[in-house]
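Engineer: Provided herewith is a single structure, encoded as C-alpha cells, for subsequent inquiry.
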Amino acid sequence: MTLLPLAWASLWNRRGTAALVVLSIAMSVALLLSVEKLRRDARSSFANTVSGTDLVIGARSGAIPLLLYSVFRIGSATNNITIDSYERIRARDEVAWTIPLSLGDSHRGYRVLGTDQNYFEHFRHGNDQALRLAQGQRFDDLFDAVLGSEVAAALDYRLDDPIIVSHGTGSVGLMNHDDQPFRVAGILAPTGTPVDRTVHVSLRGIEAMHVDWRSGAPIPGQRTPADTLRERELAPRAVTALLVGLKQRRDVFRVQRAVNEDRAEPLLAVLPGVALQELWNLVGLAARALLIVSVCVVLVGIVNLVSVLGAGLGERRREIAILRACGARAGNIFSLLTLEAGVLALLGILAGLLAHWLAVLVGGPLLQTRFGLVLAPSLPTGSDALLLLAIFAAALLTGALPAWRAYRHSLADGMTVRL
C-alpha cells in the first residue's frame, strides 16, 4: 500500500481544516525565523557600528553611557574634554589618528555632530568600510553640512538646501541658530549605523554657531556676520569625545591606562569592542525574551496540529475501518496518520520560510531607514536548520499521539454505528 498518495488524498478531502493547520505552523515558523534573524543581525549591527577604532575617550562616567552618546548618539555627556587634553592625547607617540566629536545640537530631532576631516578619512563601520559620499562633497566652508542618508531621505533635502540647527537635542528646537544657517554640501551613502541619522558639520562651524551665545542663550542684539566669522580662527575650546586609532594594537592597554589615570582631567578610555559586548548583554535580554515567546507560538501551532488530528479521529472512524477491511494493518493506519502530520508540518515549514523571506524583503528597507538595522535575505543558517528540524520532529512526535489512538481502534469498533 502506498501511503503518501493516500495521505495526500485524505488531507485534500479535508483541505479547509488542513489549510488552517498549515497557516498556523507557517506563521509560527515565520515568526521564529524572523525573530532569530533580527536577533543575529541586531547583534551584528551593534558589533559593526564602529570598526578600526582602538579607543573611545570621553569624560569619566561609564563605558556604556560613553558608547551610547559618542557612537549611537543617544543621551548626553556628563562633561566635555578640554582642548588641552585632546591635544595631549593626539600628541602621544602611540596615537596614529584621532577623530574629535562635538555633540549638543540637533536638527529636527537628528543629532548634529561637529568633527574634522579625519572623520571621513579614518572612521570605519561594518567590515572595515569607509564612509562614502552619495552626492556632493565634504564640508569645506564654515557653514557646510554633510547629511546622513536617513536625514536626507526623511527630510527630503537636496544639495545646497539651507539647514537651521537648534540648540539642544530635543525633537522640537526651542532655540534655533537661525542667524547662522548651514548649507547641504554632501549626502553620505547608507551605512546602516547611526551615521545615517546624523548631521555632520565642522568643529569651526560648531564654534561659529555659538559666538553670539552665552550660557546656552543668544546675546540680545548681537549678531556677527557670516563673512566675519569665516575670517576668525574659531578654535574649539572643548570636544565631547574622541575616537582614537593607534599605530600598534599592542599599545592599547598602555594608552588606556594612561588616559584613565590622567591627573589633569578625569577621563575615561574604553575599548569599543568590550563596551559593545557589555551593551549587547544588557539589551540582548529583550531579544532572548522575544525568542522564547516565538518558541511558545511554535508550540501552540504544534498543539493545534495535534488537536485537529485528534478531533478528526471521531469523524474518520468509518474511513479507518474501511481501510482495515481492505487489508490495511494497524501499523499502516499509524503510519498514515503520522505521515499526514509530517506532510502538514512540512508544508507549514515551507510556507513559513517563504513568509519569512517576504517579510525580510519588505521590512528590511523599512528597518534600515527607521532604525539603522540592516536585514538582508539569506539562506537559513545552521541554527535555523536545526530549529526547523526540531519543529518537524516535534510535529511527527506529537502527531503520533492521535495515530496511536487510531492504531488501537478495531475493525468492529469502526463498523459500529453510534447513536
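Engineer: If you average the C-alpha positions of the stretch 12-59 and of the stretch 127-170 separately, how far apart do those two centres end up, in angstrom?
Structural biologist: First find each Cα centre; the distance between them is then 31 Å.
Engineer: Another question, then. Below 11 angstrom from the Cβ of residue 220, what's the summed charge of the other residues (Lys, Arg +1; Asp, Glu -1)? Can you show the working numbers first?
Structural biologist: Values: positive: 214, 223; negative: 212.
So the surrounding residues net to +1.
Engineer: Could you tell me what fraction of 2.2 N^0.38 Å the Cα radius of gyration of the stretch 55-270 comes to, as a two-decimal ratio? Walk me through the numbers before you get to the answer.
Structural biologist: Numbers: Rg = 17.1 Å, N = 216, 2.2 N^0.38 = 17.0 Å.
The reported ratio for this selection is 1.01.
Engineer: Oh, and also: Going by how many other beta carbons lie within 10 Å of each one, how would you line up 93, 196, 144, fewest first? Spell out each step's value before the answer.
Structural biologist: Working: 93 7, 196 22, 144 19.
Starting with the residue having the fewest Cβ neighbours, the order is 93, 144, 196.
Throughout, read-outs are computed from the coordinates displayed, never taken from laboratory work. Predicted model, so just to flag it, every value in this text is computed and none were measured. Glycine also receives a Cβ, built like all others from the backbone with ideal geometry; neighbour counts cover every protein chain displayed.
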